[in-house]
Amino acid sequence: MPSIDKFALASMFIFMALAFIFVVLFARTSIKHINKKMLKDNITPPLWDKGVGASAPFYAMAIFFKRSRLPTPLFDGRFIAKHARPVDKVLAFLHLFTMAGLTISVFTAMYLDTV
């Protein structure tokens with residue numbers, strides 16, 4: 001009979017693989033498309049993201065939450081949702097879901113390892 005710590009460890013590895021897939025898909029398709037559309041409107045993407053994908057969570061949050069679209073010194077998400085296609089919304093949801101699942105499963109596995 002499998003124990004809960006083995007289940008937490010297995011879910012961690014499953015979410016890790018899924019997160020890798022959806023991070024790459026979201027960055028390569030959605031962020032690339034949104035940045036091209038924003039450049040046509042003379043809006044530059046975040047200058048601090050040098051292609052490593054660090055802005056992916058900001059883009060995903062700006063697609064779903066109006067509060068994340070407010071301009072800040074770090075990120076201006078006002079035009080992200082405007083240029084997001086339906087496939088971008090699906091990929092953003094999958095990106096956020098898998099990252100949340102990975103975070104929860106990692107902390108659960110860490111907790112159960114110390115008990």
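Overview of results
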| item | result |
| --- | --- |
| Accessible surface of the chain, 1.4 Å probe, proportion on carbon and sulfur as whole % | 71 |
| Computed [θ] at 222 nm, helices only, for the chain once each DSSP H run of length n ≥ 4 contributes -39500 (n - 2.57) | -20500 deg cm²/dmol |
| Assigned charges on the beta-carbon of Lys, Arg, Asp, Glu; the range 35-115 dipole about Cα centre (debye) | 500 |
| Gain on full stretching of the segment that runs from R67 to A10 - 0.36 nm per residue minus C-alpha separation | 17.1 nm |
| Simple label model, 7 Å out from Cα along Cβ direction - L74 to V87, nm | 3.0 |
| For R78, solvent-accessible area (1.4 Å; no DNA, RNA or ligand), Å² | 130 |
| Heavy-atom accessible area order for M99, M12, M38, largest first, 1.4 Å probe | M99, M12, M38 |
| Interatomic Cα distance distribution for the range 62-115, bins of 5 angstrom, percent | 4, 18, 17, 17, 14, 10, 9, 7, 3, 0 |
| Heavy-atom accessible area per residue - the chain, 1.4 Å, Å² | 68 |
| Value of D in µm² per second that Stokes-Einstein yields for the chain, Kirkwood Rh from Cα pairs, at 10 °C (1.306 mPa s) | 104 |
| Residue with peak Gaussian network fluctuation, the chain [Cα springs, cutoff 10 Å], from I31, I21, I63 | I21 |
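The values are calculated or read from the model by the stated rules, or taken from the named source; none is laboratory data. Keep in mind that this is a model prediction, so the values were computed, not measured. A quick note on method: Cβ atoms are made from the backbone with ideal geometry, for glycine too, and the neighbour counts reach across all protein chains shown. Protein only, heavy atoms only, side chains kept; ligands, DNA and RNA dropped before computing areas. Shrake-Rupley method; radii C 1.70, N 1.55, O 1.52, S 1.80 Å.
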